[in-house]
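See structure below.
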Amino acid sequence: MSFFWIGLLVAMMGLLACMRVPLVIATVIVSGVPILWTVLDTPSPIVLALLWSTFIVTAFLLNVPKLRRAWISNRVLPLFRTALPPMSKTERDALEAGTVWWDGELFSGDPDWIKLLTIPTPTLSAEEQAFLQGPVEELCRMLNDWEITEEMHDLPPHVWQFIKDNRFFGMIIPKQYGGLEFSALAHSEVVMKISSRSVTAAVTVMVPNSLGPAELLLHYGTDEQKNYYLPRLARGEEVPCFALTGPEAGSDASSMPDTGVVCRGEFNGKEIIGIRLNWDKRYITLGPVATVLGLAFKLYDPDRLLGDRSDVGITCALIPTKTPGVVIGNRHFPLNIPFQNGPNSGKDVFIPVDWIIGGPKRAGQGWRMLMECLAAGRSISLPALSTGAGKMGCRATGAYARVRKQFKTSIGRFEGVEEVLARMAAYTYMMDAARTMTAGAIDLGEKPSVVSAIVKYHLTECMRKVVNDAMDIQGGSGICMGPRNLLGRIYQSIPIGITVEGANILTRSLIIFGQGAIRCHPYVIKEMQAAAEPDAHQASLKFDDALFNHIGFTMSNAAGAFWMGISGARFVFVPVSGPEERYYKQLTRMSAAFALAADAAMLVAGGSLKRREKISGRLADVLSHLYLASTVLKRFVSQGRPSSDLPMVQWACLDALCHIQDALDGILHNLPSRPVAWILRRLIFPLGKPYAAPRDALGHKVAGVLLQPSEARDRLTAGLYVPATLDEPLGRLEDALNKAIAAEVTEKKLRIGLGPGGYSGNDETPRVQAGIKLGVITEDEAQLMYDAIAARKEVIKVDDFTQDYWRREKVECPTEQMAPVDQANQIDPTKPISPAKLAKPAKRYM
């Protein structure tokens, strides 16, 4: 009988932990087990003495704070301090930047789904919708991406002027300064639509509205700086750039060697306290045409002219590019996507201290300022560009797959192609869901630093997957460059998004979980703050509270993960019913598993987890896919749960669960402590790994969304620029798809009336003529077929060029050393360009 009572005790403790019952109440309830054991089973005196002595000592030790601190917490605190990894000021600033939002719920082990579903769905204002339907639509009509990328290697002058005249550079600037003051959702929608037309134009528009002078001025600038610069930036009179990255400081931007020294000097004929700057930056978007340069540098004050510190820290300043000593270098050429980008440098550039963004009081606060702004800005631009690419790939390639025929069959009907189309559609649905929900968080006042890293990493990676898939399906039409090619430049641009705003490899392995473990975990940051508390008594009190809440949290997740594992999460309460209900339940189960695995990894690896990037990356994958699946469920509900979208929801959620399962399995395989890994596997996967990839039948339904016009297809690709004319590649594809659908009935008549043979290759013209002759189809029906055949032939054409096309200009090789741009011949986008200058052939590199 002893085993029964011990089992009952363990089960009771597990149930109470799973329900997160407070410690004192749980102790009272658990005491019922030894009482019943004593009364009903009459154990031997030795067992009885051992039972009650253990229970009483444990109960007092855990429930009397003074005893608990003396015997447990105060002994653990020194060990905890030793285990903490060293942290620089820049690391601390990065960790503390931004806010915790839905990511905190996912780290809790028991997400509050009601909270998710009651988050307001972001919407566009009438003014924002008018801008998208007016100036944005007009800008898209003006853009010719082949001309931009192949011939001009820049936006045409009239496009630059249109962008400035319509204040595209002022989307985030308040109306009081002449800006548009758009929501984050509108900002995202604008970038997404333009990106579906031209990546070059999208980057040009998004950079001034992302991390840069305007954003920094809005949050930290002095009134004088705001009143001077913001109206000029909104009107396009100033073209901004921000110089952060240098040859020796890429992803490790905080190690920049660029310096500023506070000193006295002469400026405009007066002696002032200023800063003498020396820097060397590269990869600076809009740098070659910028009129005002935002600069990040390390500030030193050896004579303590500003305060009592000589090493002031990273600082940000605004510098007109005409300032003596500023050198604007030549242009970089990132993968044939010719947005303005290049190096700049400065030698002994002397500026007033008032040019520091926010004035002298903000000296040394630059890194925190950048991290705070990045937490929001990273959530908008690149996710929007990536989603635009995914939508373009889906709409264009779905139409192409329906129209293109091989072996007398639309290639979209081949199961191999269908499998790829399903993946494209589901990933694009997920990308748009994540983009929209994250932009909505920004509009609610959040600065979700961890979420911004998730969407930056995963949406640019999904762009890579979707565009690669689209290229696979389109084959030769995807790889032959020319005006007819919709995907070539998007494909070439993929590594750019992967690289900027935090290289993806490091974003995954260092930032998402590294920051999330501290910011999103309910107790780790409290433990760290307690460990840093200088007052010993306060440190003891705070650490004791955080530690025992943390222990209870871990026990709760262990019990919850095990219970949901053996029950299949069937008894988890979620606030929805229907076919998507199971995904809420399974995500709750995986949230508990993630929180447990994260605690175990931090316990086993301690401070070295910071260097175990493979384990950290897998934990990041779990957190990321929990978030992405959450956005899918939120989008489905927000759009009224349309049944035609359900296959994409199911596919995306199943795919996310499989990724979570694989990541957890990888963690358990590689956790340094094998006994801990063994225990975790029995808790997380007590009955084995439960998830399988989406079934083929489900993929068939998802692929069908892309192969014919429908409301689901329009919802999935909403926000694209879809030209209505046949002189545009996408316009021709849309026309060919509609004509192919219109001819389907006639095709079926021919197949029944003439049998499967009767023509060779994929040209049905002889078959149509035979059908007319034999009376199988009418002349009107034949015309439908002829129209579909002609439209198909038009969309499968590819560009070709004369053999001397690439010899039409003399090739000049770039030199290793970049020289300053000849200012007299440089195109200034703020001014009209003379026909004479436009007539001069541009130098091009092959």
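Which helices, counted as full DSSP H runs in the chain, have an axial Cα extent of no less than 27 Å and a Kyte-Doolittle average of -0.5 or above?
381-403, 415-443, 449-474, 536-567, 581-605, 613-638, 646-670
Basic side chains Lys and Arg get +1 at the Cβ, acidic Asp and Glu get -1 at the Cβ, and with that the dipole of region 32-191 about its Cα centre reaches some 1740 debye.
Among the chymotrypsin sites (Phe, Trp or Tyr not before Pro) within region 350-432, which fall in a DSSP loop and have no more than 12 other Cβ atoms within 10 Å of their own Cβ?
Numbers: sites: 350, 355, 367, 400, 407, 414, 427, 429; in loops: 407, 414.
Listed in order of number, the matching sites are 407.
Candidates 287, 317, 334 compared by Cα position along the dipole of region 255-342: farthest toward the positive end lies 334, with charges placed on Cβ.
A straight line joining the Cα centroids of region 505-524 and region 1-78 runs 35 Å. Rounded to 0.05, the FRET efficiency of the residue 696 and residue 614 pair, given R0 = 51 Å and the Cβ-Cβ distance, is 0.95. Within the accessible area of the chain, the carbon and sulfur atoms contribute 58%, probe 1.4 Å, all protein chains present. The amide H of residue 283, built 1.01 Å from its N in the peptide plane, has 342 as neighbours under 5 Å, considering only residues 5 or more places off or on other chains. About its Cα centre, region 285-383 has a charge dipole of approximately 220 debye under the convention of +1 per Lys or Arg Cβ and -1 per Asp or Glu Cβ, with nothing else charged. Only one residue of 504, 554, 528 has its Cα farthest out toward the positive end of the dipole of region 438-558, where Lys and Arg carry +1 and Asp and Glu -1 on Cβ, and that residue is 504. Based on protein heavy atoms only, region 173-280 ends up with 36 Å² per residue of surface accessible to a 1.4 Å probe.
Okay, helix-only estimate at 222 nm for the chain: each DSSP H run of n ≥ 4 adds -39500 (n - 2.57), divide by all residues, round to 500 deg cm²/dmol; what do you get?
Roughly -17000 deg cm²/dmol at 222 nm, from the helical runs in the chain.
Which label marks the calculated value of volume of the Cα convex hull per residue in Å³, given the options (1) 246; (2) 215; (3) 196? It is the value labelled (3).
The residue among 392, 671, 782 whose Cα reaches farthest toward the positive pole of the charge dipole of the chain, with charges on the beta-carbon of Lys, Arg, Asp and Glu, is 671. Between residue 665 and residue 790, the modelled label-to-label distance comes to 5.5 nm, taking each label 7 Å out from Cα in the direction of the beta carbon. Tell me the net charge near residue 719. Cut-off is 14 Å between Cβ atoms, residue 719 excluded, with +1 for each Lys or Arg and -1 for each Asp or Glu. Result for the neighbourhood of residue 719: +3. Under the convention that each Lys and Arg Cβ holds +1 and each Asp and Glu Cβ holds -1, the size of the dipole of region 710-802 around its Cα centre is about 420 debye.
Given 0.36 nm per residue, what is the gain on full extension from residue 537 to residue 272 after removing their alpha carbon distance, in nm? It would help to have the intermediate numbers written out before the result.
On the way: separation 265, 0.36 × 265 = 95.40 nm, distance 4.87 nm.
Fully extending the segment from residue 537 to residue 272 adds 90.5 nm.
Can you tell me the accessible area per residue over region 95-170, all protein chains present, probe 1.4 angstrom, in square angstrom? If you can, show how the numbers build up before the last one.
Values: 3010 Å² over 76 residues.
Here the residues of region 95-170 average 40 Å² of exposed surface.
The values are calculated or read from the model by the stated rules, or taken from the named source; none is laboratory data. Computed from a predicted model, the values in this text were never measured in an experiment. All Cβ positions, glycine included, derive from the backbone under ideal geometry; neighbour counts span all protein chains shown. Heads up: the accessible areas ignore ligands, DNA and RNA and are worked out on the full protein's heavy atoms, side chains in. Shrake-Rupley method; radii C 1.70, N 1.55, O 1.52, S 1.80 Å.
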